[in-house]
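Participant: Okay, here's the structure, questions in a sec.
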Amino acid sequence: MADKRVVLGQVGRVHGVSGWVRLKSYTAPPDNILDYPLLRAELNGTLGTLEIDASRRQLKGLLVHFAGYDNPEVSRVLTGKEVWVNSSELPALESGTFYWHELVGLEVTNLQGEILGTVSGLLETGANDVLVVQPSARSCDQRERLIPYLTGLVVKQVSVSDVSLVVDWDIDYLS
């Protein structure tokens, strides 16, 4: 599988006079973004690397300092930038578990062989994650579906290599 860009967070506004910035983490838990001290971002139209050389937790989230960004004027150019790593830099998972980015784009079929659409994203809820399935040219209808990601109960088979996901989900179920 080709190396993919996996967005881990977004740089927020500048904090203080030493170039620190807020960092909105998309990882769970949020502190896991600190496991990647080298993050990539689009800087002035080119690919750049940002090195986290210091961090601290606050009630409103993470504050980080990137090496070489030592004052507010310099750090301000980072505001709003997404930061990412390549998928090859992520730790390997146990067999049968997947990163969300691996599920996006998989074609969803039910046990009856009806194509429900393609995974366009996932939602995190308190109870379980939910697949957002958008209709495709091959799907049985044009309905968006929200399908609980419950391994074994609803999600029966995931094959990243075959770009497919099989669910126990009738086409008439409300989503």
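The values are calculated or read from the model by the stated rules, or taken from the named source; none is laboratory data. Everything numeric here is computed off the predicted structure, so don't read it as measured data. Note that we place each Cβ from the backbone using ideal geometry, even for glycine, and neighbour counts take in every protein chain shown.
Let's see how each residue does on (1) of a type in the set (Gly, Ala, Ser); (2) more than 23 Å from Asp3 (Cβ to Cβ):
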{"position": "Gly19", "(1), (2)": "yes, yes"}
{"position": "Pro29", "(1), (2)": "no, yes"}
{"position": "Pro37", "(1), (2)": "no, no"}
{"position": "Thr49", "(1), (2)": "no, no"}
{"position": "Ala54", "(1), (2)": "yes, yes"}
{"position": "Val74", "(1), (2)": "no, yes"}
{"position": "Val77", "(1), (2)": "no, yes"}
{"position": "Gly80", "(1), (2)": "yes, yes"}
{"position": "Glu94", "(1), (2)": "no, no"}
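Participant: Please determine, by comparing only the residues of region 156-171 that are part of a strand (DSSP E or B) and not hydroxyl-bearing (Ser, Thr, Tyr), which one is nearest to Ala28 (Cα to Cα). Break it down into steps so the answer makes sense when it comes.
Facilitator: Just the residues of region 156-171 that are part of a strand (DSSP E or B), to begin with: 156-159, 164-167.
Now narrow it down to the ones that are not hydroxyl-bearing (Ser, Thr, Tyr): 156-158, 165-167.
Numbers: Lys156: 24, Gln157: 24, Val158: 22, Leu165: 23, Val166: 26, Val167: 25 Å.
Restricting to residues being part of a strand (DSSP E or B) and not hydroxyl-bearing (Ser, Thr, Tyr), the top hit is Val158.
Participant: Of all residues being assigned to a strand (DSSP E or B) and among the acidic types (Asp, Glu) in region 102-155, which is farthest from Ile171 (Cα to Cα)? Just the residue, please. Outline the logic, then answer.
Facilitator: In the first step, residues of region 102-155 are kept if they are assigned to a strand (DSSP E or B); the result is 107-110, 115-124, 129-134, 145-148, 151, 155.
Applying the additional criterion that residues be among the acidic types (Asp, Glu) yields 107, 124, 129.
Numbers: Glu107: 15, Glu124: 23, Asp129: 20 Å.
Step by step, filter region 102-155, then rank; the result is Glu124.
Participant: Related question: Against the conditions (1) hydrophobic (A, V, I, L, M, F, W, C); (2) over 15 Å from the mean Cα position of the chain (by Cα); (3) surrounded by 12 or more Cβ atoms within 10 Å (Cβ to Cβ), where does Val85 fall short? Just the number, please.
Facilitator: So the condition that Val85 fails would be (2).
Participant: Looking at (1) within 22 Å of the chain's Cα centre (by Cα); (2) surrounded by fewer than 15 Cβ atoms within 10 Å (Cβ to Cβ); (3) not charged (D, E, K, R), find the lone condition where Gly68 falls short.
Facilitator: (1)
Participant: I need the full set of residues from region 52-80 which are hydrophobic (A, V, I, L, M, F, W, C) and either part of a loop (DSSP other than H, G, I, E, B) or not assigned by TED's automatic domain parsing to the domain that holds Leu39 (or both), in order please. Break it down stepwise before answering.
Facilitator: From region 52-80, those hydrophobic (A, V, I, L, M, F, W, C) are 52, 54, 59, 62-64, 66-67, 74, 77-78; that's our starting set.
Listed by number, the residues that qualify are Leu59, Ala67.
Participant: Do we have Leu23 as modelled with pLDDT of 95 or more, in contact with a helix residue (DSSP H, G or I) (Cβ under 9 Å, 6 or more places away or on another chain), aliphatic (A, V, I, L, M) and surrounded by 15 or more Cβ atoms within 10 Å (Cβ to Cβ) here?
Facilitator: Working: modelled with pLDDT of 95 or more: yes; in contact with a helix residue (DSSP H, G or I) (Cβ under 9 Å, 6 or more places away or on another chain): yes; aliphatic (A, V, I, L, M): yes; surrounded by 15 or more Cβ atoms within 10 Å (Cβ to Cβ): yes.
Considered against the rule, which asks whether it is modelled with pLDDT of 95 or more, in contact with a helix residue (DSSP H, G or I) (Cβ under 9 Å, 6 or more places away or on another chain), aliphatic (A, V, I, L, M) and surrounded by 15 or more Cβ atoms within 10 Å (Cβ to Cβ), Leu23 comes out as yes.
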